[in-house]
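One structure is given below, encoded as C-alpha cells.
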Amino acid sequence: MKYISILGSTGSIGRQTLEVVDQFPDVLQVVALAAGRNREKLLEQCLKHKPLLVSLQLEEDAMWLKEKLNKDKVTPEIFYGLDGLIAAATCPEAAVVVTALSGAMGLIPTCSAIKAKKQIALANKETLVAAGQYVSKLAAVNEVQILPVDSEHSAIWQCLNGEKKAALRKIQLTASGGPFRLLNRQELEQVTPEMALRHPNWSMGQKITIDSATLMNKGLEVIEAKWLFNVDYDDINVVVHPQSIIHSMVEFGDGSIIAHLGMPDMRIPIQYALSYPDRWFNRFPKLNLTELNGLTFEAPDTSKFPALALAYAAGKQGGTAPVVLNAANEVAVQAFLAGQIKFMQIPAIVENTLNNHQFLGSPELEEILEIDRWARQEARKFI
Ligand SMILES: NC(=O)c1ccc[n+]([C@@H]2O[C@H](COP(=O)([O-])OP(=O)(O)OC[C@H]3O[C@@H](n4cnc5c(N)ncnc54)[C@H](OP(=O)(O)O)[C@@H]3O)[C@@H](O)[C@H]2O)c1
C-alpha cells in the first residue's frame, strides 16, 4: 500500500488525484488532505477517504469541519493555516506528498515534505520556479525524488527513461497555444477573464488557465524543466501543438525524437507519478489514433505573448529573477481575474516589476521569501 498526502485536495489536480486513488483502492490510500477555503468539498472527501489528518486555511473552517465530522464519528487530527499545510506535508504515515497547491505558497510545505524525506509528486510548478536551485539541492541532500505531475514534464521524464543524459540534444516542450493563439495584438487587448478561462483542451484551476492564455504557464514550465532535468535553457525549445496530444518530446544527438502521446487527461500523469516505476491499467478514456485530425506544430509568437520571453530571460538570469517573475505574475493574474487590469497588462506588470528588482545570485530560502514579498508589493503599485 502506498500512503499519500495531498496538499490542495479540493483543487483540480487534488480532485483528479483522488479519482486515481478511487481506481486503485488496493494500492493507494490517502492519509492526509489539505485544502484552502472549500470546507464542504473537504468534508465530502473526509467522509469518503477517512484521512488521519486534515487541514484548512482558516481556524473557523477547521472548527466547522471538526463539528461536522464528529457527528459522523470520523475523527482525523484537524489543523489550519501554514502549520496545517506543514503537518499534512510531514504526516508520519505518508510516503508520497502530492503538491497540488497553486502558487509559490507551496514552497514552504514542499520544503518541509522534502526534509521529512517524503517522495514528492510535484504539480505545484511555482515552487520550482521560485526556488529551483534551493529545492533541487534540498532534495539531493535528503535523497528525495521529485516526480513530475505536470503532463509535459511527465512526458519528458518518460521519454528519457533508460536514456543517457549525454545523448540528449533538446527538450521539445509542447504548448497548446491557449485560447488566443489566433488573435492579433489588438484583439488580445480586449480579452476578458470569462474568455481567458475557456481553455480549448484542458479543464484546470483559474490561475493556471490564465497562465495558459498568456503563455506564462509555458514559461514557468521551461524553468520547471530546467530544474527537473538539469538542462540549459538553450536546450529547451517550446513548440506550439494546438491539439495537445503530444505532451512533449525529447530530441537526441543522433536525430531521433521520442514523443509521449495520450489523451489530454491529467489523471494519466498523476497516476504515473504514483505508480512509478510501474504502470497500471486504468479505465480512463484511451486515445484513438485514427480519430485524430492531424497533429500540427508551429513556433510560439512572443511578440503577441511576451510572457514566454520574460520567463526565458528571468530563468537565464537565475537567482532572484524567477522569484520576481512568479510573484508579480501571481499578483497580475489575480488583478486580471478581479477585473482590475487588462489582459496585456499581465506581462507588462511582470516586466516592470522585474526591471525594478535588486538582483541576488544564489538566494537562500529566507531571501527568496523576502524577495517574493517585495515583488508582490511592487507589482501591486502597477495596478
Ligand atoms: N489543473 C491542472 O490541470 C494542472 C496541470 C498541470 C499543473 N498544474 C499545477 O498544479 C497546481 C495546482 O493547480 P490546480 O489547477 O489544481 O489549482 P486549483 O484548482 O486552483 O487548486 C488549488 C488548491 O490549493 C488550495 N489552496 C489555495 N490557497 C490555499 C491556502 N492558502 N491554504 C491551503 N490550501 C490552499 C485550494 O483550496 P480551496 O479550493 O479549498 O480554496 C485548492 O485545493 C498549480 O501549480 C498548477 O500550475 C495544474
_Some residue of region 22-41 being within 26 Å of Pro148 (Cα to Cα), of a type in the set (Asp, Glu) and either away from the ligand (no atom under 14 Å from the Cβ) or open to solvent by 60 Å² or more (accessible area, probe 1.4 Å) (or both)_ = yes
_Total residues in region 53-91, condition open to solvent by less than 90 Å² (accessible area, probe 1.4 Å), closer than 22 Å to Cys111 by Cβ and outside any helix (DSSP H, G or I)_ = 7
*Which of the residues belonging to region 116-154 are without any contact (Cβ under 8 Å) to a residue 40 or more places away in the chain and either assigned to a loop (DSSP other than H, G, I, E, B) or of a type in the set (Lys, Arg) (or both)?*
Ala116, Lys117, Lys137, Asn142, Glu143, Val144, Gln145
*asked:* I'm told Ile4 meets every condition in (1) part of a strand (DSSP E or B); (2) within 14 Å of the ligand (Cβ to nearest atom); (3) not aromatic (Phe, Trp, Tyr) except one. Can you identify the failing condition by its number?
replied: (2)
_Regarding region 166-177, can at least one residue be identified that is of a type outside the set (Gly, Ala, Ser) and assigned to a loop (DSSP other than H, G, I, E, B)?_
no
_region 100-112 - residue that is under 17 Å from Glu224 (Cβ atoms) and of a type in the set (A, V, I, L, M, F, W, C) and, of those, farthest from the ligand (Cβ to nearest atom)_ = Cys111
*Go through region 53-91 residue by residue and tally those that are more than 10 Å from the ligand (Cβ to nearest atom) and either more than 23 Å from Val149 (Cβ to Cβ) or touching a residue at least 60 places away in the same chain (Cβ under 8 Å) (or both).*
23
_Let me confirm something: among Leu128, Leu160, Leu147, Leu122, which residue is over 24 Å from Gln16 (Cα atoms) and of a type outside the set (Lys, Arg)?_
Leu160
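The values are calculated or read from the model by the stated rules, or taken from the named source; none is laboratory data. Small disclaimer: the values here were computed from a predicted structure and weren't measured. Quick reminder, even Gly has a Cβ in these numbers, built from the backbone with ideal geometry, and neighbours come from all protein chains shown. When the accessible area is computed, the model is the full protein with side chains, heavy atoms only, and any ligands, DNA or RNA have been set aside. Shrake-Rupley method; radii C 1.70, N 1.55, O 1.52, S 1.80 Å.
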